[in-house]
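Note sheet for the following structure.
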Amino acid sequence: MTQTSRDLLAAARAVVPEVTAEEVHARARSNGRVLLDVRERNEFDEGYIPGALHLSKGFLELQVEDRIPDRATPITVYCAGGVRSLLAAQTLQQMGYGDVESLAGGFGAWKQKGYEFTVPRLLTPEQKIRYSRHLLVPEVGEEGQQKLLNARVLLIGAGGLGAPAALYLAAAGVGTLGLLDFDTVDLSNLQRQVIHTQDRVGMAKTESARIQINALNPDVKVVEHREMLNSENAREIFEQYDIVVNGCDNFPTRYLANDVAIFTKKPLVDGGIFRFEGQVTTVLPHASPCYRCRYPAPPPPEEAPSCAEAGVLGILPGIVGILQATEVVKLIIGHGEPLAGRLLHVDALDMKFREFRVPRDVNCPVCGENPTITEPIDYEGFCMAPNAVPTEGAAAGLVAAH
Ligand SMILES: [Zn+2]
């Protein structure tokens, strides 16, 4: 027998209970009931009832079991005017969902009552094109891209590691990049520091990097910190960011960055390079081992590394810096396993990647149970020159980077 749309609606209304906007509004938010918005995506994007789950009516049968696996979950379905939601609710009943109701008058009735609604922050049409390959990845998607755009990442050093990390983080749409470097671009940097160019030799590295980043992606706000990290400024600078990337090359900076990351509870992605070898690890304060868990104190000054410049294959910082950037993106979108408690060692000559487990030390002087270091320290007696690199033997674990 042919049924008209009116027949179908009447049949749905006979079995689906309806609730008013007042009733839904009066309920406690945390009553366990799912508010299911079955409108089209573009309707949802213009505003929805706070806390609602969106699933267009066209995808209902195919996706609802993934989104609401427990068929005992109480569900209030709504659409724009209360018609599509009746039909959707009936479908849910037929699929075995036991407690389903429809919001009479839909979102229109809700808005008419003056109840609050949420308007999601949206990507612009241009951003949808720019980040389209991210939007196609389920682990990133529009939600992850928004997280990237809202993220603030500090890069210590706009050199060998900072250059590739900054370029890829900028391309990925990380909204704010802080660049900390007091140095200027030198011709000898260009063999590996790919963010700088020959016509910017002599320019502050932070400025040169900012020009390149903004040429690549104007979504990114670059904050220049033309200074050296020290015990006076470290805490205040770290506080302005969500994640810190260490691409710096000397013991004082490595220990200082580690300690201040613990004090300010900022994840730290550390990298190091030497000739054909590199290392990467991620410190999640108080959740994973820190640098001092492995090396509680720097070596004594008489064993301190020499200030001689060390050689490095120009491509190697690219590999390591991009591994660091990958760690940062994973932390921002909240997917994957960070290199926490793990040290990844790269040997470019043999092209081997090896992983070392690093345990947490309960007696660690900074992140242990009874910390003895509670303030930032400026270590003296070490080479502080920007190009200084510890010698191979003295480089405790994470070798030097620049
Ligand atoms: Zn520690």
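At a glance:
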quantity	calculated
Subset of the stretch 134-171 (residues that are outside any strand (DSSP E or B) and among the β-branched types (Val, Ile, Thr))	Val137, Val140
Failed criterion for Pro371 (all others in (1) surrounded by 15 or more Cβ atoms within 10 Å (Cβ to Cβ); (2) modelled with pLDDT of 95 or more; (3) within 27 Å of the chain's Cα centre (by Cα) hold)	(3)
Complete set of residues in the stretch 329-354 that are open to solvent by 80 Å² or more (accessible area, probe 1.4 Å) and modelled with pLDDT under 95	His335
Pairs with Cβ under 8 Å, 6+ apart, first in the stretch 1-30 and open to solvent by 80 Å² or more (accessible area, probe 1.4 Å), second assigned to a helix (DSSP H, G or I) and at pLDDT 90 or above	Gln3/Ala11; Leu8/Leu87; Arg13/Leu86; His25/Trp110
Conditions (1) surrounded by fewer than 16 Cβ atoms within 10 Å (Cβ to Cβ); (2) farther than 27 Å from Gln198 by Cα: number failed by Leu149	(1)
Complete set of residues in the stretch 34-58 that are over 17 Å from Val83 (Cβ atoms), among the charged types (D, E, K, R) and touching a residue at least 60 places away in the same chain (Cβ under 8 Å)	Asp45, Glu46
Filter result for the condition that a residue is acidic (Asp, Glu) and in contact (Cβ under 8 Å) with a residue 40 or more places away in the chain, over Glu142, Glu116	Glu116
Per-region count, the stretch 32-65, residues more than 20 Å from Gln112 (Cβ to Cβ) and β-branched (Val, Ile, Thr)	2
Search result, residues across the stretch 64-110 that are within 38 Å of the chain's Cα centre (by Cα), assigned to a helix (DSSP H, G or I), under 15 Å from Pro17 (Cα atoms) and of a type in the set (A, V, I, L, M, F, W, C)	Ala88, Ala89, Leu92
Some residue of the stretch 305-317 being open to solvent by 20 Å² or more (accessible area, probe 1.4 Å) and either within 16 Å of the ligand (Cβ to nearest atom) or charged (D, E, K, R) (or both)	yes
Index of the failed condition, Ala209 passing every other in (1) more than 24 Å from Gln279 (Cβ to Cβ); (2) buried (at least 16 other Cβ atoms within 10 Å of the Cβ); (3) of a type in the set (Gly, Ala, Ser)	(1)
The stretch 267-276, residues that are surrounded by 20 or more Cβ atoms within 10 Å (Cβ to Cβ) and more than 15 Å from the ligand (Cβ to nearest atom)	Val269, Gly271, Gly272, Ile273, Phe274
Filter result (under 27 Å from Arg192 (Cα atoms), assigned to a loop (DSSP other than H, G, I, E, B) and open to solvent by less than 30 Å² (accessible area, probe 1.4 Å)) within the stretch 225-266	Leu229, Tyr241, Gly247, Cys248, Asp249, Asn250
Condition check for Leu35: modelled with pLDDT under 95 and either in contact with a Gly (Cβ under 8 Å, 6 or more places away or on another chain) or in a helix (DSSP H, G or I) (or both)	no
Of the criteria (1) out of contact with any Phe, Trp or Tyr (no Cβ under 7 Å at 6 or more places or on another chain); (2) away from the ligand (no atom under 16 Å from the Cβ); (3) part of a loop (DSSP other than H, G, I, E, B), which one Arg354 fails	(3)
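The values are calculated or read from the model by the stated rules, or taken from the named source; none is laboratory data. This structure is a prediction, so every number in the text was calculated from the model and none was measured. Heads up, the Cβs are rebuilt from the backbone with ideal geometry, glycines too, and the neighbour counts pull from every protein chain shown. The protein model used for the area step is the full one, side chains on, heavy atoms only, and it has no ligands, DNA or RNA in it. Shrake-Rupley method; radii C 1.70, N 1.55, O 1.52, S 1.80 Å.
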